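What follows is one structure encoded as structure tokens, with my remarks underneath.
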Amino acid sequence: NNQLTMTGLETASPLPPNLTCLSLAGNNLQAPNLRMLGSVLSTSPGLTNLNLQGTALNKTMIRNSQDCQDFQKAISGLSVLNVSKNSLEGQGIEALLKLCPTGIEKLDFSSTIQEIDGGCLRGFVKFCARGTPDLELEDLSLRDCKLTDECMPDLLKSMFNLGRLKKLDVSENNLTGKSFASVINKLTECEINLSRLNLASCKLMPLLGAGDFVNSLEEYFKSGNKLRFLVLPVLEESLLNKVKDLWKNSWECLVEIEEDSEN
């Protein structure tokens, strides 16, 4: 956060040609489109890690950039992209993913959706469908994206192309245990072996399918999948004890299940 604007960033161009990691987080890069940003980024052709967290990107800016070849070329070698805390909404996410390479290994879209939209992940489904058959994506964060159970069918569709996924963060969303049960079942079906799953601040109450979630988790472990890190909201004691028992039976030593302290 150096209080840079897009014009100020342009004066810093050209960037070092051997630059591989660039963080512009917290700066105000709002502009009519991504042309200027693309022009600056293209001066570092080896860029693999780009952090645009909280840089005032918005869906209009992204949608006005669909023919922005400089930006698309500049991010063509990225393995890590963070656009969290920008007001993209589902349309902006879809437009941005059209420009992104399928070789990305880590995507962070946390806090990019401010309004509930059941179709907000459709662009992600289209992006995943470009995998042949699987994307390189290993780490996906959709934290605080106003996701609801209505979004789950699209997330499930995307999993057919997420065979390399290791980390999934869908915390702080309005999702229920019933939805998470369907997610875990799909992980089992697609043989996706997650190592890290974050469900903090979600609705895992008994009346909303928490029991279904725990049962699906049991089947996931039986299939030989081993979560190393699991974050849960506070569960009913009997369900929490069942999860801990599952964990003990899946590992030689007990790995502590972290509970969300805010619930």
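The values are calculated or read from the model by the stated rules, or taken from the named source; none is laboratory data. This is a predicted model, so every value here is computed, not measured. Because the Cβ atoms are built from the backbone with ideal geometry, glycine has one as well, and the counts that use them run over all protein chains shown. SASA here: full protein model, heavy atoms, side chains in, ligands and nucleic acids out. Shrake-Rupley method; radii C 1.70, N 1.55, O 1.52, S 1.80 Å.
Side notes on the structure shown:
- Hey, residue 240 more than 21 Å from residue 167 (Cα to Cα) and modelled with pLDDT under 85 or not: yes
- Scanning the range 145-154 for residues that are open to solvent by less than 20 Å² (accessible area, probe 1.4 Å) and assigned to a loop (DSSP other than H, G, I, E, B) gives 145, 147.
- Here residue 123 fulfils each of the conditions (1) under 22 Å from residue 157 (Cα atoms); (2) within 15 Å of the chain's Cα centre (by Cα); (3) in a loop (DSSP other than H, G, I, E, B) apart from (3).
- Residue in the range 25-39 that is touching a Pro at 6+ places or on another chain (Cβ under 6 Å) and at pLDDT 95 or above present: no
- The residue pairs whose first member lies in the range 133-154 and is in contact (Cβ under 8 Å) with a residue 12 or more places away in the chain and on the phi > 0 side of the Ramachandran plot, whose second member is surrounded by fewer than 17 Cβ atoms within 10 Å (Cβ to Cβ) and part of a loop (DSSP other than H, G, I, E, B), and whose beta carbons are closer than 9 Å, counting only pairs six or more residues apart or on different chains, are 146/114; 146/115; 146/116.
- Filter result for residue 63 (of a type outside the set (S, T, N, Q) and over 27 Å from residue 174 (Cβ atoms)): no
- Boolean, residue 132 is of a type in the set (S, T, N, Q), touching a Gly at 6+ places or on another chain (Cβ under 7 Å), surrounded by fewer than 21 Cβ atoms within 10 Å (Cβ to Cβ) and more than 23 Å from residue 232 (Cβ to Cβ): no
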